[in-house]
Amino acid sequence: MTQPFVLAITNRKGGSGKTTTAVNLAAEWASQGRRVLVIDLDTQGHAGFGLGVDADKSAPSAHDLFHHPEFDIASAVHATVWANLWCVPADPLYDGMVSIRDASLLDRQIRRPEMNIYDIIVLDTPPSLDLVLTNAMAAADGIVIPLLAHALSAEGVRQLSRLFYKTVTTVNPSLKLIGLLPVMANERIGHNRAVIADISRQFGPERMLHPIRTDIQLAAAFGARQPIRYFAPRSRGALDYNLLATALASFWHWSPVGTDRVGMGSLELQRKVP
């Protein structure tokens with residue numbers, strides 16, 4: 001059994017479509033038969049909310065990891081109502097205080113053999129630059145950066161890129177930037193086109209993923225606590241996330257049992273083995 005591919009959905013700016021992307025990509029892959037775990041590392045708890053997970057306040061959460069060295073993240077997994085899809089909810093009361101300062105806490109947890117039941121682990125990361133985000137970057141095989149097509153969001157991408165390169169050169173040299181994902185995109189708006197063109201020039205057009213178009217149904221789906229594919233399967237948002245999930249999944253394949261290598265297009269990702 002191979003280790004799961006760990007994908008961090010991240011942006012230093014809040015409101016960038018990060019959680020919407022994490023929830024809907026996870027749901028798409030689960031619908032295709034992959035076993036997917038979403039770990040909600042953002043104290044807003046929106047990923048768990050969007051997946052309809054109602055955890056008791058006293059139940060284990062993803063943030064317990066930063067207080068208890070003996071914590072087992074598998075004890076915090078909740079099943080969703082959809083097949084092949086699970087979630088570790090966030091602790092909305094987590095205040096950012098940590099008892100253990102270790103950038104590899106999360107990596108060690110999700111590389112344990114019992115976590116190999118999952119094909120993909122999706123990390124919904126916090127926008128703040130703290131130990132939680134550092135742990136997510138250290139644990140991930142790849143990252144996707146959602147962004148709104150305006151100047152402030154572009155600055156958030158630049159800030160995150162600095163953290164990305166710091167992570168690659170220190171704790172996680174195998175981390176790959178999979179792509180930049182424009183969300184709430186409208187090609188008829190000139191500013192949208194200009195911002196996307198500028199980011200494409202900086203990071204390379206091959207890093208730009210097909211955008212997620214503006215669709216009010218995406219917000220309505222969150223209000224209904226459902227992924228868009230179940231709430232409004234014929235909507236633009238459902239189509240765009242389906243196409244994105246299919247495109248991203250085609251970038252990698254799982255090697256035979258006993259190996260720790262995964263191919264991703266022209267990239268080769270080396271999974272970290274404890």
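Could you tell me whether residue 157 is modelled with pLDDT under 90 and over 21 Å from residue 215 (Cα atoms)?
In short, yes.
Only a single item in (1) buried (at least 19 other Cβ atoms within 10 Å of the Cβ); (2) within 26 Å of residue 143 (Cβ to Cβ) is not met by residue 235, and it is number (2). Every condition in (1) touching an Asp or Glu at 6+ places or on another chain (Cβ under 7 Å); (2) within 21 Å of residue 31 (Cα to Cα) holds for residue 218 except the one numbered (1). For residue 112, the criteria (1) within 17 Å of the chain's Cα centre (by Cα); (2) farther than 18 Å from residue 48 by Cβ hold in every case but one, which is (1). Among the residues of region 88-108, is there at least one that is under 24 Å from residue 238 (Cβ atoms), crowded, with 18+ Cβ neighbours inside 10 Å, under 18 Å from the mean Cα position of the chain (by Cα) and among the aliphatic types (A, V, I, L, M)? No, because not a single residue in region 88-108 is under 24 Å from residue 238 (Cβ atoms), crowded, with 18+ Cβ neighbours inside 10 Å, under 18 Å from the mean Cα position of the chain (by Cα) and among the aliphatic types (A, V, I, L, M). Set side by side, the residues 30, 47 differ, and just one is within 18 Å of residue 128 (Cβ to Cβ), among the hydrophobic types (A, V, I, L, M, F, W, C) and modelled with pLDDT of 95 or more, which is 47. Among the residues of this structure, residue 42 counts as one that is touching a residue at least 24 places away in the same chain (Cβ under 8 Å), closer than 25 Å to residue 128 by Cβ and of a type in the set (Asp, Glu). Residues in region 62-101 that are within 20 Å of residue 4 (Cβ to Cβ), touching a residue at least 24 places away in the same chain (Cβ under 8 Å) and polar (S, T, N, Q): 80, 84. Within region 29-48, the set of residues being surrounded by 24 or more Cβ atoms within 10 Å (Cβ to Cβ) and over 14 Å from residue 88 (Cβ atoms) comprises 30 only.
Please find, within region 194-225, the residue that is modelled with the highest pLDDT out of those that are polar (S, T, N, Q) and not in a loop (DSSP other than H, G, I, E, B).
Applying the filter and picking the extreme gives 217.
Filtered by the rule that a residue be of a type outside the set (Gly, Ala, Ser) and assigned to a loop (DSSP other than H, G, I, E, B), region 15-55 gives 32, 34, 35, 41, 42, 43, 44, 51, 53, 54. Considering each residue of region 6-29 in turn, none proves to be in contact with an Asp or Glu (Cβ under 6 Å, 6 or more places away or on another chain) and farther than 27 Å from residue 250 by Cα. A search for C-beta distances below 6 Å between a residue of region 160-181 that is among the aliphatic types (A, V, I, L, M) and any residue that is surrounded by fewer than 16 Cβ atoms within 10 Å (Cβ to Cβ), counting only pairs 6+ apart in sequence or on different chains, returns 175/168; 180/207. Residues that are under 17 Å from the mean Cα position of the chain (by Cα) and within 23 Å of residue 155 (Cβ to Cβ) within region 211-231 comprise 211, 212, listed in sequence order. How about region 226-274: which of its residues are at pLDDT 50 or above, charged (D, E, K, R) and either assigned to a strand (DSSP E or B) or touching a helix residue (DSSP H, G or I) at 6+ places or on another chain (Cβ under 7 Å) (or both)? Correct list: 229 only. Scanning region 213-231 turns up at least one residue that is without any contact (Cβ under 8 Å) to a residue 24 or more places away in the chain, β-branched (Val, Ile, Thr) and surrounded by fewer than 17 Cβ atoms within 10 Å (Cβ to Cβ).
The values are calculated or read from the model by the stated rules, or taken from the named source; none is laboratory data. Predicted model only: the values in this text are computed from it and were never measured. Reconstructed Cβ throughout: ideal geometry from the backbone, glycine too, with neighbour counts over all protein chains shown.
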